[in-house]
Amino acid sequence: MSARRTLAVGLIGYNFMGKAHSNAWRQAPRFFNLPANVRLKTICGRNRAAVKKAAAKLGWDNAQTDWRRVIDDSEIDIIDICTPNDTHREIAIAAAQAGKAVLCEKPLARDVGEAEKMVRAVKKAHVVNMVCHNYRRIPAIVLAKRMIERGDLGERIFHFRARYAQDWIVDPNFTLVWRLRSDPAGSGALGDIFSHIVDLARYLVGEFKEVCATMETFVKERPVGRDRRSRRRTKATARVDVDDAVTMIGRFKNGALANLEATRFAPGRKNSITLEINGSAGSLFFDLEEMNRLRFYNAADPQARQGFRDILVTESSHPYIANWWPPGHVIGYEHTFVHTIVDFVRAVLEGKSAHPTFADGLQTQRMLSAVSRSAKMGKCIRA
């Protein structure tokens, strides 16, 4: 009888996404019957004191300040990238060349060129790869996918509408953090949150054919907070060179029409995603603020009983749910990352990449590029 395999993980990054991923790596083997053990071997970050504190708090065996040493560790099987966008390419390519499986936070890269290099690297190295678009693994979203594939919305999809809205930078005095600078981020709302609804559109409906977009930066200058060299507080300001909001209409290759919007200037909306899909025989509606529910309209119902029905997605027959709580006991945001890790670990053991792969990430990156070019040109273009 062969010994059960243990997969050792190296996590690069320890802030918001680092915490979310750390929790997922800890919880996945506790709630799901994984085909391998998981070891949280090393967490990495540039601030030595902060990363050591994170290691102790989040359950990692070791702390490191140089990501190259994590990749050079022959015991580590998986590299999980949770760093700012400008570092994704270099870390992912190095990890692939070292033969590690790679999980990378979205967006895959800052631009198409970087994404193409990452795809070439993982293909050449034949390593398992995946982009962490965690919203694909909301049970209600997976259920929606199954219902669409089963034909519950009919033979044709007419419309896909999505809005991702936040409000965290409405205050013009909010500091110019890295997500508001093109150098590290690549783009603003476009890459940060619009990429999520593009990925969901591709997952649920299909590939895009053409797009027509507009983008806006509402606050064009912000306080820098601290001088980058001295780290002392300063009253200086700097230009914001990324988008605050994106609005796009378009068409899928299957003929369905698309209407997508992402904004970080929607007061009262903290992390809101709403989706509606209309087909020839019915409609689906989803709201992240009620993520355990999916609303379904069936045009085949008797006229006297027609209307949107509320599906509470907490039954053991629903995707992923059997591993959690009894029916009606809802799950939350953090569970989407656990589901991501579960599918990724299984993919590593099978030697087959899990969706969305780096190639998917590249396709989404091409869509983001098309949206940006359409907005700058002021006309519709092919996706």
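What is the calculated FRET efficiency for Lys352 to Lys235, with r their C-beta to C-beta distance and R₀ = 51 Å, to the nearest 0.05?
It comes to 0.40.
What nm value, rounded to one decimal, do you get for the distance between Ala299 and Ser74 when each label is placed 7 Å out toward the C-beta?
Modelled inter-label distance: 6.3 nm.
Which ³J(HN,Hα) values, rounded to whole Hz and listed in residue order, are derived for region 58-64 from phi using the Karplus coefficients 6.51, -1.76 and 1.60 in 6.51 cos²θ - 1.76 cosθ + 1.60 with θ = phi - 60°, glycine and proline given as x?
Going residue by residue, I get 9, x, 9, 5, 9, 10, 9 Hz, with x marking Gly and Pro.
I want to verify a result. In a Gaussian network model of the chain, Cα cutoff 10 Å, which of these has the top mean-square fluctuation: Val38, Val348, Val198?
Val38
Please list, by residue number, everything in region 159-192 whose backbone N is under 16 Å from a paramagnetic label point 7 Å out along Cα→Cβ of Glu221.
Zone members listed by number: 172-176.
Mind checking the per residue accessible area of the chain for me, 1.4 Å probe, whole number of Å²?
Averaged over the residues of the chain, the accessible area is 47 Å².
Over the Cα atoms of the chain, Rg to Rh with Kirkwood Rh, two decimal places?
With Rg and the Kirkwood Rh in hand, the quotient comes to 0.97.
Keeping the other protein chains in place, figure out the carbon and sulfur percent of the accessible area of region 88-158, with a 1.4 Å probe.
Here carbon and sulfur together make up 44 percent of the probe-accessible area.
Considering only the other residues whose Cβ falls under 10 Å of the Cβ of Ser187, what net charge follows from Lys and Arg at +1 and Asp and Glu at -1?
After counting each charged neighbour, the total is -2.
What residues qualify as long-range amide H neighbours of Val313, i.e. H under 5 Å apart, gap of 5 or more or another chain, H built at 1.01 Å from N?
Arg293, Leu294
Taking the chain as a whole, which cysteines find no other cysteine Cβ under 4.7 angstrom from their Cβ?
Cys44, Cys82, Cys104, Cys132
Ranked highest first by the average count of other Cβ atoms within 10 Å around their residues, in what order do 122-132, 286-296, 238-248, 172-182 fall?
Ranking the peptides 122-132, 286-296, 238-248, 172-182 by packing returns 122-132, 238-248, 286-296, 172-182.
How much of the DSSP bridge set in the chain is antiparallel, in percent, rounded to the nearest 5?
Around 60 percent of the beta bridges assigned by DSSP in the chain are antiparallel ones.
Quick check: at a probe of 1.4 Å, how many percent of the accessible area of region 265-383 sits on carbon and sulfur atoms?
That fraction is 49 percent.
Cut-off 10 angstrom, C-alpha nodes, Gaussian network model of the chain. Which of Asp199, Asp301, Asp80 fluctuates the most?
Comparing Asp199, Asp301, Asp80 in the GNM, the peak value goes to Asp301.
Give the relative contact order (percent, whole number) for the chain; include only Cα pairs under 8 Å separated by 6+ residues.
Over the chain, the number comes to 20 percent.
May I ask which residue of Gly282, Gly225, Phe208 lies farthest towards the positive end of the charge dipole of region 183-292, with charges of +1 (Lys, Arg) and -1 (Asp, Glu) on Cβ and the Cα centre as origin?
Positive-end residue among those listed: Gly225.
I need to check one value: relative contact order of region 39-81, counting alpha carbon pairs closer than 8 Å and at least 6 residues apart, in percent.
Rounded, it is 39 percent for region 39-81.
Over 30 Å between Cα atoms: which of Lys145/Lys220; Lys57/Lys106; Lys123/Lys379; Lys106/Lys235; Lys117/Lys270; Lys106/Lys253 fall into that group?
Correct reply: Lys145/Lys220; Lys123/Lys379; Lys106/Lys235; Lys117/Lys270.
How far apart, in nm, are two points set 7 Å out from the Cα along the Cα-to-Cβ line at Arg30 and at Asn62?
Placing both labels 7 Å beyond Cα along the Cβ direction yields 2.5 nm.
Could you derive backbone 3J(HN,Hα) for region 31-42 from the dihedral phi with the Karplus parameters 6.51, -1.76 and 1.60 (θ = phi - 60°), listing whole Hz in sequence and x where the residue is Gly or Pro?
Each residue of region 31-42 in turn: 10, 10, 7, 6, x, 7, 6, 10, 10, 7, 7, 9 Hz.
How many angstrom separate the Cα center of region 241-264 from the Cα center of region 35-101?
Region 241-264 and region 35-101 have Cα centres separated by 34 Å.
Is the shape of region 1-134 best called rounded, prolate or oblate, per the rule: a/c under 1.5 gives rounded, else a/b larger than b/c gives prolate, else oblate, with a ≥ b ≥ c the square roots of the Cα gyration tensor eigenvalues?
Verdict is oblate for region 1-134.
With an 8 Å Cα cut-off and a minimum separation of 6 or more residues, compute the relative contact order for region 80-219 in percent.
Reported relative contact order: 26 percent.
Any idea how far apart Lys124 and Ser280 come out in nm if each label point goes 7 Å out from Cα toward Cβ?
So the two model labels end up 4.7 nm from each other.
With springs only between Cα atoms under 10 Å apart, run a GNM on the chain and tell me which of Arg161, Arg346, Arg309 wobbles the most.
Arg309
The values are calculated or read from the model by the stated rules, or taken from the named source; none is laboratory data. From a predicted model like this one, the values you see are computed outputs, not experimental measurements. Cβ coordinates were reconstructed from backbone atoms using ideal geometry, including for glycine residues, and neighbour counts include every protein chain displayed. Side chains included, ligands, DNA and RNA excluded: accessible areas come from the protein's heavy atoms. Shrake-Rupley method; radii C 1.70, N 1.55, O 1.52, S 1.80 Å.
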